[in-house]
1. Nearest 10 degrees, 0 to 90: what angle lies between the long axis of helix 42-67 and the longest principal axis of the chain (Cα atoms)?
2. Considering only lysines 8 or more places apart in sequence, or on different chains, count the pairs in region 4-67 whose C-alpha atoms sit under 25 Å apart.
3. With +1 on each Lys and Arg Cβ and -1 on each Asp and Glu Cβ, how big is the dipole of the chain about its Cα centre, in debye rounded to the nearest 20?
4. Within 10 Å, at most 13 other Cβ atoms, and a DSSP state outside H, G, I, E, B define an exposed site. Report the longest part of the chain free of exposed trypsin sites (Lys or Arg not before Pro).
5. If the chain between LEU33 and LEU58 were fully stretched, how many nm would it gain, using 0.36 nm times the residue separation less the Cα-Cα distance?
6. Expressed as a fraction of 2.2 N^0.38 Å, the rule-of-thumb size for a compact globular protein of N residues, what is the C-alpha radius of gyration of region 1-54?
7. Which net charge results for the neighbourhood of SER13, defined as the other residues with beta-carbon distances under 14 angstrom from its beta-carbon, given Lys and Arg at +1 and Asp and Glu at -1?
Amino acid sequence: MPDPKKANESLSSISHDLKSPLTGIRMMSHLLLEKKVGPLNEKQEQMLQSIVSNSDQLLNAVNKHFSSSHIEP
């Protein structure tokens, strides 16, 4: 029988590995949309809005999946 503690540690590690780069993508996208690093043309702004929307959906899916993936002893 698998060790629940090790399984939960693995799930936590996978969740962290997915969330860390996703957080960076989201933060940089928001900075770009706020024009903190310079102006954007209309197409660039549309593309960034899509990136933000898709990354928000992915983060929600990761949070939902991993919050319900806790393995009981």
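Each value in this text was obtained by applying a stated rule to the coordinates, not by laboratory testing. Every value quoted in this text rests on a predicted model; they were computed, and no experiment measured them. Neighbour counts run over all protein chains shown; Cβ positions are idealised from the backbone, glycine included.
1. 10
2. So the count of such lysine pairs works out to 8.
3. The dipole of the chain has a size of about 120 debye.
4. Longest gap between qualifying sites, sites excluded: 37-73.
5. Between LEU33 and LEU58, full extension yields an extra 7.1 nm.
6. In units of the 2.2 N^0.38 Å rule of thumb, it is 1.72.
7. Neighbour charge sum, excluding SER13 itself: +1.
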